[in-house]
Ligand code: C2E
Ligand code: MG
Ligand code: MG
Ligand code: MG
């Protein structure tokens, strides 16, 4: 191939491409195996009330400990899982596991808090998504009033009408809805009016840039006001320091998540925190 194009550069380029391609293939078969080998687990990050610093909920985040390669982050394998269709099996597992964990904490006497699950656009748009959610709730005994579904802004935008119908059904069941990574999508603001959501999660890129990027403070203020105008609770993602926390507190942001309060923790560690809430 390099010869045809008569240059080393082209050859090198394609060699690199095919290497990446092989890595993808490998990851693809690894994802299928990981699922059978039970290599996935959930970590949970607290959501905290900005004013009282009390835990109001936890977000379930998938973790993959690969037998040979170690930890592989969701930003690497979720997009591949979406492409190869494995996201449906993974998403269903995440949902069930989150509900089961809620019940385990409850049985251990912990103060119940909302548990949030991230859902891919592809899942939300699948015809049997509602069925899966209902089954998970019924089979685990989960109280749907303590279940929240996080949907990223980008994903919601395709097939809007179908999404709105699904979201309305979820709300009827008592489930709350969040728009995740708010501010990073291409959407118009019109959907804030149309979508039956409860929470806006300001993407961590804005929070991270608060004191370094001029204009970020104004954007954050505007997003908090926008959310409140539509009757939504606003969550700041990726709060890593005291200064940022005091800024969003002054701006009346409702909740936050971030390393400043806690990294994502395993189920037992969270259980202890929830037990001490009483
Ligand atoms: P997300 O839902 O926006 O989750 C927030 C991400 O930010 C998490 O990364 C979390 O560990 C990280 N984070 C939290 N606080 C801080 C902080 O103070 N500083 C920094 N630098 N990072 C912080 P994680 O767990 O790697 O997840 C990345 C993304 O992968 C998630 O973004 C979500 O979109 C997706 N994801 C995770 N679990 C699932 C899942 O079960 N299903 C689906 N469909 N997607 C998932
Ligand atoms: Mg999320
Ligand atoms: Mg996010
Ligand atoms: Mg994200």
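Run the numbers for residue 265 and residue 63: contour at 0.36 nm per residue of separation, minus the present Cα-Cα distance, in nm. Spell out each step's value before the answer.
Numbers: separation 202, 0.36 × 202 = 72.72 nm, distance 1.08 nm.
Working it through step by step, the gained length comes to 71.6 nm.
Tell me, 259, 44 in order of fewest to most beta-carbon neighbours within 10 Å?
Values: 259 12, 44 26.
Lowest to highest Cβ neighbour count: 259, 44.
Starting with the fewest neighbours, write out 30, 143 ranked by other beta-carbon atoms found within 10 Å of each beta-carbon. All intermediate terms of the calculation are to be shown ahead of the outcome.
Numbers: 30 20, 143 14.
The order, fewest Cβ neighbours first, is 143, 30.
How long are the semi-axes of the ellipsoid equivalent to the range 63-134, from square roots of 5 times the Cα gyration tensor eigenvalues, in whole Å, largest first? Please report the intermediate quantities before stating the final value.
Values: eigenvalues 115, 71, 16 Å².
Rounded to whole Å, the semi-axes are 24, 19, 9.
Distance in nm between label sites at residue 143 and residue 252, each 7 Å beyond Cα in the beta-carbon direction?
In this crude spin-label approximation the distance works out to 3.0 nm.
I'd like the antiparallel share, as a percent to the nearest 5, of DSSP beta bridges with both residues in the chain. Before the final figure, lay out each step's value.
Details: 15 of 38 bridges.
Of all bridge pairs located within the chain, approximately 40 percent are antiparallel.
Roughly speaking, what is the stretch gain from residue 277 to residue 25, that is 0.36 nm per residue apart minus the C-alpha to C-alpha distance, in nm to one decimal? Before the final figure, lay out the partial values.
Details: separation 252, 0.36 × 252 = 90.72 nm, distance 4.57 nm.
Computed gain between residue 277 and residue 25 is 86.1 nm.
How many angstrom lie between the C-alpha centres of the range 176-224 and the range 33-61?
That distance is 21 Å.
Measure nothing but the geometry: give the 0 to 90° angle between the long axis through the Cα atoms of 129-140 and the longest principal axis through the Cα atoms of the chain, rounded to 10°.
Taking the Cα atoms of the chain, the angle to 129-140 is about 60 degrees.
Using only DSSP helix segments of four residues or longer, with each worth -39500 (n - 2.57), what per-residue ellipticity at 222 nm results for the chain after dividing by its residue count and rounding to 500?
Working: 12 runs with 136 residues, N = 278.
For the chain, the value works out to -15000 deg cm²/dmol.
Report, in degrees rounded to the nearest 10, the 0 to 90 angle that the Cα long axis of helix 74-84 makes with the longest principal axis of the chain.
Approximately 70 degrees, to the nearest ten.
Taking a ≥ b ≥ c as the square roots of the eigenvalues of the Cα gyration tensor of the range 152-271, is the shape rounded (a/c under 1.5), prolate (a/b larger than b/c) or oblate? Each step should come with its number before you reach the end.
Values: a/c = 2.02, a/b = 1.33, b/c = 1.52.
In terms of gyration-tensor shape, oblate.
Provide 232, 192 in ascending order of the number of other Cβ atoms located within 10 Å of each residue's Cβ, fewest first. Don't skip to the end; give the middle numbers.
Numbers: 232 21, 192 18.
Least crowded to most crowded, the residues run 192, 232.
With everything on Cα atoms, drop me the angle between helix 87-107 and the longest principal axis of the chain, reported from 0 to 90° to the nearest 10.
30 degrees
Read-outs throughout are calculated quantities, based only on the coordinates presented, and are distinct from any laboratory measurement. Since the structure is predicted, the reported quantities are computational estimates derived from the model, not experimental observations. In this analysis, Cβ positions are derived from the backbone assuming ideal geometry, glycine residues included, and neighbour counts consider all displayed protein chains.
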